[in-house]
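Enquirer: Before I ask anything, let me first share the structure, which is written out below as structure tokens.
The values are calculated or read from the model by the stated rules, or taken from the named source; none is laboratory data. Nothing here was measured: the structure is a model prediction, and the numbers come from that model. Quick reminder, even Gly has a Cβ in these numbers, built from the backbone with ideal geometry, and neighbours come from all protein chains shown.
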Protein chains: 2
Amino acid sequence: MHSVHFTAETTSNGVVERDFAVDGVPGVLWSPASGPERAPLVLMGHGGGTHKRWPAMTGRARLLVTGCGFHVACIDAPGHGDRPRTAYDEQEIAALYRAREAGEPEGPIVVRYNAQLAERAVPEWQATLDALQELPEIGTDGPVGYFGLNMGTAIGVPLTAVEPRITAAVFGLHWPDALAEPAKQITVPIEFMLQWDDEHIPRASGLALFDAFASKEKTLHANAGRHKELPRFESDSAVRFFARHFGRAGTSPA
Amino acid sequence: MHSVHFTAETTSNGVVERDFAVDGVPGVLWSPASGPERAPLVLMGHGGGTHKRWPAMTGRARLLVTGCGFHVACIDAPGHGDRPRTAYDEQEIAALYRAREAGEPEGPIVVRYNAQLAERAVPEWQATLDALQELPEIGTDGPVGYFGLNMGTAIGVPLTAVEPRITAAVFGLHWPDALAEPAKQITVPIEFMLQWDDEHIPRASGLALFDAFASKEKTLHANAGRHKELPRFESDSAVRFFARHFGRAGTSPA
């Protein structure tokens, strides 16, 4: 039995932000300040080298909470944020930096390391979800979404493949090598983002990962630009995607 | 000098709908009922075999007028709606029906016929735009968009390539054969829609047309499904695209 331990709470501009831990894994839960009404939950996975409170995470959480009234949770991935790195983590991070400095492709290292992180992270997410669903304002019968790009996709795709509680997901910006197989097991609606001029992920690789999902309802959003140039308006689009599937009108800006 | 002749006017649910003709080409202009305030104009091109008042046209016009306060104009393409067919039109339409009945590919006929229609339609659209910009509620200094899929793209791409007044456009669902060259001359922001499982347009062909646009800001929306299964929410997305570029907040549903 997993349970949530809250360690801090702040409220600003209509959003309650609570630090928590489940089995020692630290996370943040963002909720509407308006009250304890039961609402859908969106799990957010952060990217490689960042953490649960990275600006992209807090920005997306605010859009989902204030635009849709949802709860949003993000946990630090293994070796990220407030969590210690293992010797293996250090070794892969060093390999990644070496590749970058040498101008060699990052893909093979990121694919391998992220797959290993996903093996550790999937059971942590499941325990976290068990615990969050014990909260009366979330509960076990409401919809659950997953939203994660880059490493958040490397963890989120295998998680969604084995986790029937997740009924809609936003993914993107990763390679198909380790993810095409779990993607073939995913049938829930997805929105998938890729960058048309990605200098790390070949266009055909990104398209192949989108193609692999078994979902009858899936949408690809491909934008001109390099890997880190994903337009800000795609966050609004992801919020509308969850609003559409979870039955709440999104009120985020155009 | 081209001028607009209005022939009928109705108002319902906040939208004024005026029938007009410019040089004998019939069209519809939808405007906000709230008053004569100057507002951006979106030109809409209808699909093959349909006309200016097809439900997809009136539905999109309503979203743009009530959601953004824009003016929206659609004219009948040559050989469509209230316009007579030439002998050439009849011949190509017969060829298309024969191909359909024989289970042969429609693409080569549609590509050829639509290219010929575009040659006739581009100057008609330019005359219509000249005339509409004479109206005080539109004017010559406001932004102009173009929104057309299928045949609306076959006409809209060559139109946008030669028409500097169009500063943002939504296209989709066509082949690159006749359109890749004019697309290479287009640099304004575009949103482009294709169907991932299109039974008429091969996936690689749709992607090649998207790739051809020279626009620095371009977004591909590819949805699972066959040619005619474009999801309804893509109309909302197109409205938000124009709202984003023309500086008005879209208020259409998620």
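Enquirer: Report yes if some residue within the range A:161-179 is part of a helix (DSSP H, G or I) and either closer than 21 Å to A:Arg85 by Cβ or touching a Phe, Trp or Tyr at 6+ places or on another chain (Cβ under 9 Å) (or both); otherwise report no.
Expert: For the range A:161-179, residues part of a helix (DSSP H, G or I) and either closer than 21 Å to A:Arg85 by Cβ or touching a Phe, Trp or Tyr at 6+ places or on another chain (Cβ under 9 Å) (or both): absent.
Enquirer: Out of curiosity, is A:Ser215 within 11 Å of chain B (Cβ to nearest Cβ) and closer than 24 Å to A:Leu63 by Cβ?
Expert: Taking the combined requirement at face value, the residue satisfies it.
Enquirer: Starting from residues that are under 21 Å from B:Ala180 (Cβ atoms) and not hydrophobic (A, V, I, L, M, F, W, C), keep the ones in the range B:218-231 and report whichever is farthest from the other protein chains (Cβ to nearest Cβ).
Expert: If we take residues in the range B:218-231 being under 21 Å from B:Ala180 (Cβ atoms) and not hydrophobic (A, V, I, L, M, F, W, C), then B:His227 is farthest from the other protein chains (Cβ to nearest Cβ).
Enquirer: Would you mind listing the strands (runs of 3 or more DSSP E) fully within the range B:1-64 where at least 1 residues are out of contact with any strand residue (DSSP E or B) (no Cβ under 6 Å at 6 or more places or on another chain) and of a type outside the set (D, E, K, R)?
Expert: Ranges flagged: B:5-12, B:15-22, B:25-32.
Enquirer: Mind checking whether some residue in the range A:138-155 is of a type in the set (Gly, Ala, Ser), more than 14 Å from every other protein chain (Cβ to nearest Cβ), touching a helix residue (DSSP H, G or I) at 6+ places or on another chain (Cβ under 6 Å) and surrounded by fewer than 19 Cβ atoms within 10 Å (Cβ to Cβ)?
Expert: No - not one qualifying residue is present in the range A:138-155.
Enquirer: Would you mind stating whether A:Phe246 is touching a residue at least 12 places away in the same chain (Cβ under 8 Å) and either within 13 Å of chain B (Cβ to nearest Cβ) or farther than 25 Å from A:Arg62 by Cβ (or both)?
Expert: Taking the combined requirement at face value, the residue satisfies it.
Enquirer: Go through A:Ile166, A:Ile190 for me and flag whichever is under 15 Å from the mean Cα position of the chain (by Cα), under 26 Å from A:Gly27 (Cβ atoms) and within 12 Å of chain B (Cβ to nearest Cβ).
Expert: Exactly one residue qualifies, and that residue is A:Ile190.
Enquirer: When you look at B:Trp175, is it over 14 Å from the mean Cα position of the chain (by Cα), over 19 Å from A:Asp236 (Cα atoms) and free of Cβ contacts under 8 Å to residues at least 40 places away in the same chain, yes or no?
Expert: So B:Trp175 fails the test.
Enquirer: Between residues in the range B:40-67 that are free of Cβ contacts under 8 Å to residues at least 12 places away in the same chain and residues that are part of a loop (DSSP other than H, G, I, E, B), which pairs lie under 6 Å by C-beta distance while being six or more apart or on different chains?
Expert: Listed pairs, sorted by first residue: B:Trp54/B:His46.
Enquirer: Out of (1) at pLDDT 95 or above; (2) within 19 Å of B:Ser3 (Cβ to Cβ), what's the single condition that is false for B:Gly142?
Expert: Looking at each condition in turn, B:Gly142 falls short on (1).
Enquirer: How many residues are free of Cβ contacts under 8 Å to residues at least 40 places away in the same chain, of a type in the set (A, V, I, L, M) and closer than 15 Å to A:Glu124 by Cβ when one looks only at the range A:22-37?
Expert: Going through the range A:22-37 one residue at a time, the tally reaches 0.
Enquirer: Here is a further query. In the list A:Pro78, A:Pro105, which residue meets the criterion of being in contact with a His (Cβ under 9 Å, 6 or more places away or on another chain) and not in a helix (DSSP H, G or I)?
Expert: A:Pro105
Enquirer: Now for a different question. May I ask you to list the residues in the range A:189-200 that are part of a loop (DSSP other than H, G, I, E, B) and out of contact with any helix residue (DSSP H, G or I) (no Cβ under 7 Å at 6 or more places or on another chain)?
Expert: A:Asp197, A:Glu199
Enquirer: Of the residues that sit in the range B:171-210 and are among the β-branched types (Val, Ile, Thr) and surrounded by 18 or more Cβ atoms within 10 Å (Cβ to Cβ), which one is farthest from A:Ala224 (Cα to Cα)?
Expert: The extreme case among them is B:Ile201.
Enquirer: Now a separate question. Taking the range B:193-212 only, how many residues are within 8 Å of chain A (Cβ to nearest Cβ) and closer than 26 Å to B:Ala73 by Cα?
Expert: 1
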